[in-house]
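I have placed the structure first, in the form of structure tokens, so that the comments after it can refer back to it.
The values are calculated or read from the model by the stated rules, or taken from the named source; none is laboratory data. What you are looking at is a predicted structure, and each value in this text was computed from that prediction instead of being measured. Don't worry about glycine lacking a Cβ; one is built from the backbone with ideal geometry, like all the others, and counts go over all protein chains shown. We work out accessible area using only protein heavy atoms, side chains counted, and drop any ligands, DNA or RNA first. Shrake-Rupley method; radii C 1.70, N 1.55, O 1.52, S 1.80 Å.
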Amino acid sequence: MRRHMGMTAAVVFAVAMTPASGGWVVTTVEDVPEALVVGEPTTLVFTIRQHGSSLLSGREPTVVLQAPGAGWLARRVRVDARDLGMGRYEATFTPRDTGLAEIVVDADFMRHRIRLLPLPVVARGVDVAPLPPVDRGRHLFVAKGCVSCHIKRDDPVLGERTVQVIGPELSGRRLSEAYLRAKLEDPARNRVVTNQYVQMPDLRLRAPEISALVAYLGGVERVATP
């Protein structure tokens, strides 16, 4: 009897941990900045999706601006996000110091957090050169939530970020530009089934964002530009 109960509990636990139960979360930043300016407010708008597709409202997410690799005692800027409805939120923060900073969004759901790649923080009046397409695509791969579902071990710049093994692994894959562009424009096209409960969400990517992601994922360049 005890063995039967133990097996039943194990099955229930396994089912509870599947994506269909609510444990799969994707946070997508709408307008991803390339740089921040000291003393100037930056508004970050993002969406939270349960199961990667269902827009999730009613949460109380927070956004933190901190130095890369900051410890517990490091100086941070922390703000609460405002619920805009339909799974969208916004938070406005003002950088205090120049240097490098990373943005961390805590979705307030299933302990999900997304940590963007470090951004330069510059003084007012300082011009920042636009990122090359490959580097811009790398930033978008993280900020749009792609890294939440797809493993990409061949890019050490991504570091260790939480990945739910939901979508196909992208490590070492050199997909054609035509395929990537079509897939990003219409995720339902050429669907690769890795889980019966999962469909790649339509993130409503703009044309420049798609081009940058294609440059990054297409294997044009693997090393980050200095």
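The stretch between ARG124 and VAL104, if pulled fully straight at 0.36 nm per residue, gains 4.9 nm over its current Cα-Cα span. Note on MET200: accessible area is roughly 80 Å² with a 1.4 Å probe, heavy atoms of protein only. Charge tally for ALA107 (other residues, Cβ to Cβ under 11 Å; Lys, Arg +1; Asp, Glu -1): +1. Figure note: ARG206, ARG78, ARG88 ranked by solvent-accessible area, largest first, 1.4 Å probe, ligands and nucleic acids not counted: ARG78, ARG206, ARG88. Taking each residue as 0.36 nm, the span from GLU160 to ARG82 lengthens on full extension beyond its C-alpha to C-alpha distance by 25.2 nm.
Peptides 153-160, 94-101 ordered by packing proxy, namely the average of other Cβ atoms within 10 Å per residue, highest first: 94-101, 153-160.
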